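Every number here is computed from the coordinates shown, using simple stated rules; none is lab data. Please read these numbers as outputs of a predicted model, since none were measured by experiment. Cβ: placed from backbone, ideal geometry, glycine included. Neighbour counts: every protein chain shown.
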Amino acid sequence: MYIVVSSITDRQTHQPCHGSNLARLARECFVNRQPLTIDFTGVDNFAEEFFQAFIKPLITEFGSEFLNQHLQLTNVSSSIKACIQWPFKNTDDYSEQRPLFTNKACDVDFYELNVAWLIKARELAKENSLLAELTMGIGEDDMRLALTQLSIEDIRHIAQSGWLCFSPRFTTHFIHSMTTQRRDVVDVLLGLSGSL
């Protein structure tokens, strides 16, 4: 897909709503496994909030490595280029600086675990229901369907709940068995299914 940023609006300075629209279009491309080229011809500046609304959700959902492979930015002015490329090269620093949640009482580790789990669960539920059941314990059709319909905003909201969104699937016997001797992948799957 090819998008020319100046076609989004006639305004000289692009606003957060334009960034959100661009992020939505990008997400649709990536979910459908299409590469995306965004053309910044004629764009000399934009509000900082435009950049945050466009890049932040994509980095959170897909990661900088994925974006570096599937998102191409063309005709970018030097001033905008530095602003856009910084989070791709400094994902950890960027992630620490962005406001993560509105629930200040939420544990950061729980939040990050929940976001990672929910994104992976949504991905597997969409692409491979058998793998979703085997690797993540998502066996119910209703749960798989619900996960496939989550937006990144939904995921962030759920992740702030203050508790883990998943629970261990293994028993104490499984832990002892895995720590006392080396096991193959088949043994692990049998253990998680309760056969070990």
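How much length is gained if the chain between Ser161 and Leu131 is pulled fully straight, taking 0.36 nm per residue apart and subtracting their Cα-Cα distance, in nm to one decimal?
Numbers: separation 30, 0.36 × 30 = 10.80 nm, distance 2.63 nm.
Extending this stretch completely gives an extra 8.2 nm.
Using θ = phi - 60° in the Karplus curve 6.51 cos²θ - 1.76 cosθ + 1.60, the 3J(HN,Hα) couplings for region 16-29 round to x, 4, 6, x, 5, 4, 5, 5, 4, 5, 5, 4, 4, 4 Hz; x is entered for Gly and Pro.
Label positions at Leu113 and Gln69, each projected 7 Å from the Cα along the C-beta direction, are separated by 2.8 nm. A cut-off of 5 Å between modelled amide H atoms, ignoring neighbours fewer than 5 places along the same chain, links Leu164 with no other residue. Under 5 Å from the amide H of Val4 lie the amide H atoms of Asp39, each residue being 5 or more positions distant or on a separate chain, with H modelled from the backbone and absent for Pro and chain starts.
On full extension of the chain, what length is gained from Val4 through Phe170, given 0.36 nm per residue of separation minus the C-alpha to C-alpha distance? Write down the numbers at each step before the final one.
On the way: separation 166, 0.36 × 166 = 59.76 nm, distance 5.01 nm.
Once the chain is fully extended between Val4 and Phe170, it gains 54.7 nm.
Placing R0 at 30 angstrom, the Cβ-Cβ distance between Met143 and Asn21 gives a FRET efficiency of 0.45 after rounding to 0.05.
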